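Notes to accompany the following structure.
The values are calculated or read from the model by the stated rules, or taken from the named source; none is laboratory data. All of these numbers come straight from a predicted model, not from anything done at the bench. Virtual Cβ from ideal backbone geometry, glycine too; neighbours counted across all protein chains shown.
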Amino acid sequence: MQVDSKPEELDSMDREIIRLKIEQEALKKESDAGSKSRLLTLEKELAELEKRSARPDLALECGEKQAVERAEAEERTRRLAH
């Protein structure tokens, strides 16, 4: 059985935050109107994502979901073995 350090949903959210921060830094170097517009949109998206990922109840919820999924997978495996 694989044990992850973080629930998959939170890990995915963290990767998306990193991706957006990289894009944000690249857009800061641009001066065209499209890049400025995307930067504003990206900063709002990034702020919302960071706010969601910082919720302690989300970590608990994701952890519980992962535990339920793991238990269901173990039960299916047990049934197939017998």
| Only one of LEU60, LEU20 is at pLDDT 80 or above and of a type in the set (A, V, I, L, M, F, W, C); which? | LEU20
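Filter region 29-57 for residues that are part of a helix (DSSP H, G or I), among the charged types (D, E, K, R) and at pLDDT below 95; which is surrounded by the most Cβ atoms within 10 Å (Cβ to Cβ)? Steps first, please.
Filtering region 29-57 for residues part of a helix (DSSP H, G or I) gives 33-53, 56-57.
With the extra rule that they be among the charged types (D, E, K, R), the set shrinks to 36, 38, 43-45, 48, 50-52, 57.
Next cut, at pLDDT below 95 only: 48, 50-52, 57.
On the way: GLU48: 10, GLU50: 14, LYS51: 9, ARG52: 12, ASP57: 7.
It comes out as GLU50.
Just give me the residues in region 14-33 being of a type in the set (A, V, I, L, M), closer than 11 Å to LEU49 by Cβ and without any contact (Cβ under 8 Å) to a residue 12 or more places away in the chain, in sequence order. Even if it seems obvious, please write down each step before you answer.
Keep residues of region 14-33 that are of a type in the set (A, V, I, L, M), which gives 17-18, 20, 22, 26-27, 33.
Right, trim to closer than 11 Å to LEU49 by Cβ and you get 17-18, 20.
Across region 14-33, the qualifying residue is only ILE18.
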